[in-house]
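A.B. asks: My questions all concern the structure below.
The values are calculated or read from the model by the stated rules, or taken from the named source; none is laboratory data. Only a predicted model underlies this, so the values are computations on that prediction, with no experimental measurement involved. Here the Cβ positions follow ideal geometry from the backbone for every residue, glycine too, while neighbour counts run over all protein chains shown. For the accessible areas, the whole protein counts, side chains as well, though only heavy atoms, and no ligand, DNA or RNA atoms are used. Shrake-Rupley method; radii C 1.70, N 1.55, O 1.52, S 1.80 Å.
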Amino acid sequence: MHVVSDVHGNVRDLVGAGEGADALICLGDLVLFIDYADHSRGIFPDLFGTENTDHIVELRTARHYEEARAFGARLWAGVDRGPAIEKAVRKQYAELFAAFPTPTYATYGNVDMPSLWPEYAGPGTTVLDGERVEIGGRVFGFVGGGLRTPMRTPYEISDEEYAAKIEAVGEVDVLCTHIPPEVPELVYDTVARRFERGSRALLEAIRRTKPRYSLFGHVHQPLARRMRIGATECVNVGHFASRGKPWVLEW
């Protein structure tokens, strides 16, 4: 199995991500709104230019979220926001879903728009969220999305709704999520210099059900990329947008 997360518009490398594998797993965040490494890439700079993107990244990095929202609101004032974003996301989804190999098993990230996925996921792509599937004799559980934050990304849900999806998955061999369990070493981003949101419900499920693996992404430059929680190997599969290489799971 090849596993990717945080694709963020990297169609070029996604095309070959499944080569040599029996299947590809994608843990979400296909959309690229802002590339924090290259401010000229993404939906935001396409609409408002690199200079404005530089400024909003500076504000967000400094955790001035209210100021960043106010600045963004002034930019969006002259734009019909919903249709503009949807049009840009549709363009990215058309390219990204076409790059998925068969079979692909995918769940949503916090910047994704789940309502659009049925239009672009072909017959070779199985979308799962709060669901489980058997692959190669192993049971995989999938839980997508992120928890609510000041960033207000498109697919953030309440802790209660997230916990319900974790509960629905139950005992599995491999637990696949977009966000990590709430462990400081796994949720701290060393470049952004902040703690991202991890899930306490996920952490409790790992301790209770003891899957062989917990696979996730979301934190682009984590303090720890992998660690054991009891019998479970927890692995951040990497920031595919910058690395361009999948993480490999073999058995």
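A.B. asks: Would you call E171 more than 28 Å from T61 (Cβ to Cβ), touching a residue at least 40 places away in the same chain (Cβ under 8 Å), open to solvent by 60 Å² or more (accessible area, probe 1.4 Å) and among the acidic types (D, E)?
C.D. replies: yes
A.B. asks: Test each condition in (1) touching a Pro at 6+ places or on another chain (Cβ under 6 Å); (2) assigned to a loop (DSSP other than H, G, I, E, B); (3) not small (G, A, S) for L32 and report the one that comes out false.
C.D. replies: For L32, the failing item is (1).
A.B. asks: Taking only the range 205-221 into account, find how many residues are within 14 Å of the chain's Cα centre (by Cα) and either assigned to a strand (DSSP E or B) or under 15 Å from C176 (Cβ atoms) (or both). Show your work before the answer.
C.D. replies: From the range 205-221, those within 14 Å of the chain's Cα centre (by Cα) are 215-221; that's our starting set.
Now narrow it down to the ones that are either assigned to a strand (DSSP E or B) or under 15 Å from C176 (Cβ atoms) (or both): 215-218.
Going through the range 205-221 one residue at a time, the tally reaches 4.
A.B. asks: Among the residues of the range 7-34, how many are touching a Ser or Thr at 6+ places or on another chain (Cβ under 9 Å) and either open to solvent by 10 Å² or more (accessible area, probe 1.4 Å) or polar (S, T, N, Q) (or both)?
C.D. replies: Selection size over the range 7-34: 5.
A.B. asks: Output the number of the condition that S158 fails; it satisfies all remaining conditions of (1) over 25 Å from D35 (Cβ atoms); (2) of a type in the set (S, T, Y); (3) open to solvent by 10 Å² or more (accessible area, probe 1.4 Å); (4) out of contact with any Lys or Arg (no Cβ under 8 Å at 6 or more places or on another chain).
C.D. replies: With respect to (1) over 25 Å from D35 (Cβ atoms); (2) of a type in the set (S, T, Y); (3) open to solvent by 10 Å² or more (accessible area, probe 1.4 Å); (4) out of contact with any Lys or Arg (no Cβ under 8 Å at 6 or more places or on another chain), S158 is out only on (4).
A.B. asks: Considering every residue within the range 191-199, establish whether at least one is under 28 Å from R60 (Cβ atoms), modelled with pLDDT under 95 and in contact with a His (Cβ under 9 Å, 6 or more places away or on another chain).
C.D. replies: Yes, the range 191-199 contains at least one residue that is under 28 Å from R60 (Cβ atoms), modelled with pLDDT under 95 and in contact with a His (Cβ under 9 Å, 6 or more places away or on another chain).
A.B. asks: Then there is this: Got a number for residues in the range 151-179 being in contact with a Pro (Cβ under 9 Å, 6 or more places away or on another chain) and in a strand (DSSP E or B)? Even if it seems obvious, please write down each step before you answer.
C.D. replies: Step one: of the range 151-179, the residues in contact with a Pro (Cβ under 9 Å, 6 or more places away or on another chain) are 154-155, 171-175.
Of the ones still in play, those that are also in a strand (DSSP E or B) are 174-175.
Of the residues in the range 151-179, 2 are in contact with a Pro (Cβ under 9 Å, 6 or more places away or on another chain) and in a strand (DSSP E or B).
A.B. asks: Still on this structure: Got a sec? Which strands (runs of 3 or more DSSP E) wholly within the range 106-149 have at least 2 residues that are open to solvent by 50 Å² or more (accessible area, probe 1.4 Å)? Full working, then the answer.
C.D. replies: On the way: elements: 125-127, 131-135, 138-143.
Correct list: 131-135.
A.B. asks: Using beta carbons and a limit of 6 Å, which pairs, at least six apart or on different chains, have the first residue in the range 28-53 and basic (K, R) and the second one part of a loop (DSSP other than H, G, I, E, B) and open to solvent by 10 Å² or more (accessible area, probe 1.4 Å)?
C.D. replies: As it stands, the answer is R41/D35, since those pairs meet every condition given.
A.B. asks: If you don't mind, there's one more thing I want to ask. When you check R197 against the structure, is it surrounded by 18 or more Cβ atoms within 10 Å (Cβ to Cβ) and of a type in the set (D, E, K, R), yes or no? So that I can check it myself, show each step before the final result.
C.D. replies: On the way: surrounded by 18 or more Cβ atoms within 10 Å (Cβ to Cβ): yes; of a type in the set (D, E, K, R): yes.
Criteria met by R197.
A.B. asks: E185 - would you say it is under 29 Å from D22 (Cα atoms), open to solvent by 40 Å² or more (accessible area, probe 1.4 Å) and acidic (D, E)?
C.D. replies: On the way: under 29 Å from D22 (Cα atoms): no; open to solvent by 40 Å² or more (accessible area, probe 1.4 Å): yes; acidic (D, E): yes.
So E185 fails the test.
A.B. asks: For the range 60-99, name all the residues that are part of a helix (DSSP H, G or I), under 18 Å from F48 (Cα atoms) and either of a type in the set (V, I, T) or touching a Leu at 6+ places or on another chain (Cβ under 6 Å) (or both).
C.D. replies: Hits for the range 60-99 are E67, A68, I85, V89.
A.B. asks: Restricting to the range 35-59, give me the number of residues that are open to solvent by less than 70 Å² (accessible area, probe 1.4 Å) and either assigned to a helix (DSSP H, G or I) or of a type in the set (D, E, K, R) (or both). It would help to see each step written out before you state the result.
C.D. replies: First pass over the range 35-59, keeping only residues open to solvent by less than 70 Å² (accessible area, probe 1.4 Å): 35, 38-40, 42-45, 48-50, 52-57, 59.
Okay, now just the ones that are also either assigned to a helix (DSSP H, G or I) or of a type in the set (D, E, K, R) (or both), so 35, 38, 43-45, 48, 50, 52-57, 59.
Residues meeting the conditions: 14.
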